[in-house]
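Chemist: Got a structure for you, written out below as structure tokens; questions coming shortly.
The values are calculated or read from the model by the stated rules, or taken from the named source; none is laboratory data. Source: prediction; values computed, not measured. Here Cβ is always computed from backbone atoms with ideal geometry, including for glycine, and neighbour counts include all displayed protein chains. Just so you know, the surface numbers come from the protein's heavy atoms only, side chains and all, with ligands and any DNA or RNA stripped out. Shrake-Rupley method; radii C 1.70, N 1.55, O 1.52, S 1.80 Å.
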Amino acid sequence: MSDSTGGRPRGLRGIARTWIEVLVRPRRAFANGITPGDQAPALTFAVAVAAAFTLGAIATDPGAVPGVVPSSPALSGLVVFLVVVALAAPVGLHLTAAVATLSVVLASLELAGGIGFRDRGGVSETVQAVAYASSPMALAGPAVPELRVVCGAYAAVLLFVGLRAVHGLGPVRTVVAALPPAALGYGVGYRVVAAARTLFVA
């Protein structure tokens, strides 16, 4: 990821390398692998993560797949998978990134000496940070609440690392910026909140 042209390597091998680096060396990955204005690889990466999550969910809990085609559970699973890849993942990424952008703006607010904002990165960098921080969710598809909660927590930590790297905010401000998009994108979008309720609500 860090030694690629344009921010990160392309193709399936590039996605795999980026995924591993974000999981193992997140600070280096976010510092070196995010390029202003280069959102396309991040979108592809987010779709790949969502695809892996969906495949895991379908494989381990077929009963949770909506009966889109009542006569064929396999075809229903395929339809759900295609909808996630073609529609839900891109829309989810940009919605989460929009929330993250607003959170970053609010977190960068300065009141000393009048209203102002701290210097920060652009929207493109925010989109990329949100996408790459979702890396753990590729493993969270299986219907195991403990696994999903752990993956969601790590994704939230990665989002904190990513937003701090690209926007240069302090720890407290970065927490303020990271919590809303993490709750929406990973908590709701990847059903981490539902998994947590299964574990902690009697």
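Chemist: Once whole DSSP H runs in the chain are found, which of them have Cα atoms spread over 27 Å or more along the helix axis and a mean Kyte-Doolittle score of at least -0.5?
Modeler: Numbers: long enough: 40-60 (30 Å, 1.82); 145-167 (32 Å, 1.27).
The qualifying helices are 40-60, 145-167.
Chemist: Report, in whole Å, the centroid distance computed from the Cα atoms of the stretch 32-52 and the stretch 142-202.
Modeler: Centre-to-centre (Cα) distance: 18 Å.
Chemist: While we're on this one: If we count every other residue with Cβ under 14 angstrom of GLY152's Cβ, Lys/Arg +1 and Asp/Glu -1, where does the sum land?
Modeler: +2
Chemist: I've got another one for you. Specify whether the C-alpha gyration tensor of the stretch 24-105 places it in the rounded, prolate or oblate class, a ≥ b ≥ c being the square roots of the eigenvalues: rounded for a/c under 1.5, otherwise prolate if a/b is larger than b/c and oblate if not. Don't jump to the answer; show the numbers that get you there.
Modeler: Numbers: a/c = 2.88, a/b = 2.18, b/c = 1.32.
The shape class here is prolate.
Chemist: I've got another one for you. So what's the Cα pair-distance distribution over the stretch 130-202, bin width 5 Å, in %?
Modeler: Calculated P(r), rounded to whole percents: 3, 19, 28, 21, 15, 9, 4, 1, 0.
Chemist: For the stretch 78-202, what value does the Rg/Rh ratio take when both radii are computed over Cα atoms and Rh is the Kirkwood radius, given to two decimals?
Modeler: Working: Rg = 15.6 Å, Rh = 15.1 Å.
The Rg/Rh ratio comes out at 1.03.
Chemist: Once Rh is set to the Kirkwood radius over Cα pairs, what Stokes-Einstein translational diffusion coefficient, in µm²/s, holds for the stretch 12-56 at a temperature of 4 °C and a viscosity of 1.567 mPa s?
Modeler: Reported coefficient: 116 µm²/s.
Chemist: Also, I was wondering about something else. Computing the accessible area with a 1.4 Å probe over protein heavy atoms, can you report the carbon and sulfur percentage for the chain?
Modeler: Details: 6970 of 10050 Å².
Carbon plus sulfur share of accessible area: 69 percent.
Chemist: State, in angstrom, two size descriptors of the stretch 133-175 derived from its alpha carbons: Rg to one decimal place and Dmax to the nearest whole number.
Modeler: Rg and Dmax of the stretch 133-175, Cα atoms, are 12.1, 37 Å.
Chemist: If you place +1 on the Cβ of every Lys and Arg, -1 on the Cβ of every Asp and Glu, and leave all else neutral, what size is the dipole of the stretch 51-202 about its Cα centre, to the nearest 20 Debye?
Modeler: Working: 7 positive and 5 negative charges, 29 e Å.
The dipole of the stretch 51-202 has a size of about 140 debye.
Chemist: With no solvent and one point per C-alpha, what does the Debye sum give as log10 I(q)/I(0) for the stretch 47-86 at q = 0.14, 0.32 Å⁻¹?
Modeler: -0.25, -1.11
Chemist: Further, regarding this structure: Mean 1/r over all different Cα pairs, inverted: what Kirkwood radius does the stretch 61-138 give, in Å?
Modeler: 15.5 Å
Chemist: Return the calculated 222 nm mean residue ellipticity for the chain, to the nearest 500 deg cm²/dmol, obtained by summing -39500 (n - 2.57) across DSSP H runs with n ≥ 4 and dividing by the residue count.
Modeler: Values: 9 runs with 128 residues, N = 202.
Mean residue ellipticity at 222 nm (helix-derived): -20500 deg cm²/dmol.
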